[in-house]
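A.B. asks: I have a structure I would like to understand better, so I am pasting it below and will then ask my questions one at a time.
The values are calculated or read from the model by the stated rules, or taken from the named source; none is laboratory data. Small disclaimer: the values here were computed from a predicted structure and weren't measured. Glycine also receives a Cβ, built like all others from the backbone with ideal geometry; neighbour counts cover every protein chain displayed.
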Amino acid sequence: MANTFKKASTQKIDTTFVTVYDANTANLTASVILGVALCNRTTGTIKVSCVLRHGGTDGSSDANHRLLLNEVQVLSGATLEVMGGQKYILEANDDLQFKSDTADSLDVVMGVMEITS
């Protein structure tokens, strides 16, 4: 097994969920989320949500979705470090999606350790 440190990032996230990290790589056994930084690009407070989708399943049913952040406030121009000190495990084909309540307002940067066979 090999461990590889990676970053995942997306800028100007909107009001719909966007996949920032997808654990869908060949030979991927699991991924460990080491930290997540949320940056508010706007002059007003925004609310951020994050969902873990098991198996990357989308659609009207949320049976495979787990809400990790629910409308967490990020102040104007601020960066909020979340999940620091905690470790979240994603299995193959899981993903993390983020959204904001304000258009083009959120940048996300993640630190990830991928474990491959």
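Residues are listed down the side, and each one gets a yes or a no for (1) in contact (Cβ under 8 Å) with a residue 40 or more places away in the chain; (2) farther than 21 Å from Phe5 by Cβ; (3) assigned to a loop (DSSP other than H, G, I, E, B); (4) touching a Leu at 6+ places or on another chain (Cβ under 9 Å):
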| position | (1), (2), (3), (4) |
| --- | --- |
| Val20 | yes, no, no, yes |
| Asn24 | yes, no, yes, no |
| Ser31 | yes, no, no, yes |
| Ser49 | yes, yes, no, yes |
| Leu67 | no, yes, no, yes |
| Ser76 | no, yes, yes, no |
| Gly85 | no, no, yes, no |
| Lys99 | yes, yes, no, yes |
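A.B. asks: In contact (Cβ under 8 Å) with a residue 60 or more places away in the chain and either more than 23 Å from Phe5 (Cβ to Cβ) or more than 15 Å from the chain's Cα centre (by Cα) (or both): does that describe Asn40?
C.D. replies: Yes.
A.B. asks: Please give the number of the condition Asp104 fails out of (1) surrounded by fewer than 14 Cβ atoms within 10 Å (Cβ to Cβ); (2) over 21 Å from Asp14 (Cα atoms); (3) not polar (S, T, N, Q).
C.D. replies: Against the list (1) surrounded by fewer than 14 Cβ atoms within 10 Å (Cβ to Cβ); (2) over 21 Å from Asp14 (Cα atoms); (3) not polar (S, T, N, Q), Asp104 comes up short only on (2).
A.B. asks: Which members of region 12-44 meet the condition of being loosely packed, with under 12 Cβ neighbours inside 10 Å, among the polar types (S, T, N, Q) and at pLDDT 90 or above? Step through it out loud before you land on a result.
C.D. replies: Filtering region 12-44 for residues loosely packed, with under 12 Cβ neighbours inside 10 Å gives 16, 26-27, 43-44.
If we keep only those that are among the polar types (S, T, N, Q) too, we end up with 16, 27, 43.
Thr16, Thr43, listed by residue number.
Residues are listed down the side, and each one gets a yes or a no for (1) among the polar types (S, T, N, Q); (2) farther than 18 Å from Glu114 by Cβ:
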position: Ser9; (1), (2): yes, no
position: Asp22; (1), (2): no, no
position: Val32; (1), (2): no, no
position: Thr43; (1), (2): yes, yes
position: Leu68; (1), (2): no, yes
position: Met83; (1), (2): no, no
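A.B. asks: Among the listed residues Lys47, Lys7, Lys99, Lys87, which satisfies the condition of being surrounded by fewer than 18 Cβ atoms within 10 Å (Cβ to Cβ) and either of a type outside the set (Lys, Arg) or touching a Ser or Thr at 6+ places or on another chain (Cβ under 9 Å) (or both)?
C.D. replies: Unique residue meeting the criteria: Lys47.
A.B. asks: Now for a different question. Would you mind telling me which numbered condition in (1) under 20 Å from Thr19 (Cβ atoms); (2) in contact (Cβ under 8 Å) with a residue 40 or more places away in the chain Ser117 fails?
C.D. replies: Here Ser117 meets the rest and fails (1).
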